1. Can you tell me how many residues within the range 77-124 are of a type in the set (S, T, Y) and closer than 18 Å to L176 by Cβ?
2. Taking the range 205-224 on its own, how many of its residues are part of a helix (DSSP H, G or I) and surrounded by fewer than 23 Cβ atoms within 10 Å (Cβ to Cβ)?
3. Criterion first (open to solvent by 30 Å² or more (accessible area, probe 1.4 Å), over 14 Å from S267 (Cα atoms) and not in a helix (DSSP H, G or I)) does P409 satisfy it?
4. Say whether the condition of being out of contact with any strand residue (DSSP E or B) (no Cβ under 7 Å at 6 or more places or on another chain), open to solvent by 60 Å² or more (accessible area, probe 1.4 Å) and not aliphatic (A, V, I, L, M) is met by at least one residue in the range 97-110.
5. Tell me, which residue of the range 111-137 that is loosely packed, with under 14 Cβ neighbours inside 10 Å and aliphatic (A, V, I, L, M) is nearest to V169 (Cα to Cα)?
6. Taking the residues in the range 26-52 that are within 15 Å of M277 (Cβ to Cβ) and open to solvent by 20 Å² or more (accessible area, probe 1.4 Å) as candidates, determine which candidate is nearest to the chain's Cα centre (by Cα).
7. Would you mention how many residues in the range 146-168 are touching a Phe, Trp or Tyr at 6+ places or on another chain (Cβ under 9 Å) and within 30 Å of A34 (Cα to Cα)?
8. For the range 73-86, indicate whether the set of residues that are small (G, A, S), open to solvent by 10 Å² or more (accessible area, probe 1.4 Å) and at pLDDT 90 or above is non-empty.
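The values are calculated or read from the model by the stated rules, or taken from the named source; none is laboratory data. Small disclaimer: the values here were computed from a predicted structure and weren't measured. Here Cβ is always computed from backbone atoms with ideal geometry, including for glycine, and neighbour counts include all displayed protein chains. Surface accessibility is based on the protein's heavy atoms, side chains included, excluding ligands, DNA and RNA. Shrake-Rupley method; radii C 1.70, N 1.55, O 1.52, S 1.80 Å.
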Amino acid sequence: MPFPHADGLSLLLMALTTLVVGASALHGVRYLPASDAPRRRSLLLWPLLALLWLALYTLFASGHLVVQYLALEVTALCAVALMLLPGSQASQEAGRRYLLCTLSGSLLLLPSVAWLAGQQPDLSLVALAEVEVAPWWLAVISAGLLIKMAGFPLHGWLPPAHAAAWVPVSTVHAALVIKAAFFMAVSIWTTLAPAALSGAQLLGWLGSVAIVWGSLLAWRQTELKGVVAYSTVAQVGYLLLLFPLLFGTAEAVATLAWQSTWLLVISHALAKAAMFMAVGSLVLAMGRGDLAGLSGVGQRLPLSLLVFGLAAVSLLGLPPSGGFTAKWMLLHAAILAQQWQWVVVVAVGTLLGAAYVFRVFRYCFVVPEQEQEIRVPPVSLDIIALLLALAAMGAGLAAAPLVSLIGGPP
């Protein structure tokens with residue numbers, strides 16, 4: 001049976017990749033000079049983004065396990081190189097940590113792919129649909145992919161990496177790079193492990209803990225970038241809820257879970273890219289990245305704060321955003337499957353998400369005791385971010401054609 005990602009879903013993901021990478025590249029043109037980034041290092045941003053785009057494009061278009069694996073490795077190496085570009089001590093430490101973690105994931109993936117090649121010479125996903133794999137193999141390769149997608153409890157490298165990277169780099173990483181590992185995980189599970197019901201439930205529980213844990217840590221952060229980074233940990237948890245709803249359930253449930261998850265991927269990518277860009281403008285303007293430094297930006301930087309708010313609407317799943325439609329469909333799938341635990345998790349995660357988002361807004365509307373000097377960022381930075389945030393909102397309004405393109409599970 002052909003793997004469905006070669007159809008409408010792959011086209012959507014390739015279009016999403018082009019949009020986010022292109023927006024990040026344009027954002028970097030204005031952001032890097034405004035942030036006084038080293039010129040020689042900043043010139044490397046665009047060729048690395050181009051190579052990252054090519055690797056992601058190849059991954060999403062491929063129907064071959066080896067090609068997907070190689071594309072994922074190139075994606076990870078490009079992401080490491082991009083994170084090292086600032087040259088600061090924090091970026092060097094975060095980049096080395098990310099490199100060690102992604103190599104650890106690779107050390108789990110490579111022997112697993114090699115072992116499978118010994119069992120089945122043809123590693124196209126169509127041919128692999130007839131192969132049975134041992135539970136240990138599925139556990140090993142899933143662990144490697146969880147590292148790369150920052151899935152709980154293997155997410156520790158993500159927050160420092162996002163905090164230390166340039167904004168255009170954090171944007172593509174949160175929006176696309178971790179989604180690439182998730183895409184490959186779904187490819188492998190739907191092809192090789194349709195009967196691994198206990199493993200699917202385990203992934204669902206890991207996702208549930210990630211939603212709660214990531215949201216709580218986001219609420220406790222004192223740095224703005226830290227809030228957004230830990231919210232990414234929580235959002236990855238929602239994606240893992242696909243597995244218990246996809247396997248061992250009725251066709252209607254599996255279809256709803258499949259469509260809602262990929263719609264959530266698209267909405268999250270657009271909203272998180274916009275949010276990181278808005279955060280970059282706020283930090284650039286105030287000259288500091290802590291929440292206390294946001295005092296008064298509600299009156300002085302309304303456009304940046306508007307973008308942050310619109311992105312938050314989609315991440316929280318409020319109407320009429322794509323995040324709302326995706327979460328509504330996900331809840332519907334959980335109710336049809338009578339897996340009520342996921343309904344509770346999504347509700348708790350939404351409330352916790354609202355808590356850390358409104359905590360940021362509370363700081364923004366505090367009147368400062370002394371008027372701070374701000375450095376007004378180029379308006380083009382906010383315009384690019386605003387267009388992405390509006391696209392995330394529009395994903396909810398255009399959900400019907402998007403869902404039609406996504407199609408159903410294999």
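1. 2
2. 9
3. yes
4. Yes, the range 97-110 contains a residue that is out of contact with any strand residue (DSSP E or B) (no Cβ under 7 Å at 6 or more places or on another chain), open to solvent by 60 Å² or more (accessible area, probe 1.4 Å) and not aliphatic (A, V, I, L, M).
5. Start the filter on the range 111-137 by keeping residues that are loosely packed, with under 14 Cβ neighbours inside 10 Å, which leaves 114, 117-119, 121-122, 130-132, 134-136.
With the extra rule that they be aliphatic (A, V, I, L, M), the set shrinks to 114, 117, 131, 134.
Values: A114: 32, A117: 35, V131: 38, A134: 38 Å.
Checked the range 111-137; the qualifying residue nearest to V169 (Cα to Cα) is A114.
6. The residue in question is L26.
7. Total satisfying the criteria: 9.
8. Looking only at the range 73-86, we keep the residues that are small (G, A, S), and these are 76, 79, 81.
Filter once more, keeping what is open to solvent by 10 Å² or more (accessible area, probe 1.4 Å): 81.
Restricting the remaining residues to those that are at pLDDT 90 or above gives 81.
Yes, some residue in the range 73-86 is small (G, A, S), open to solvent by 10 Å² or more (accessible area, probe 1.4 Å) and at pLDDT 90 or above.
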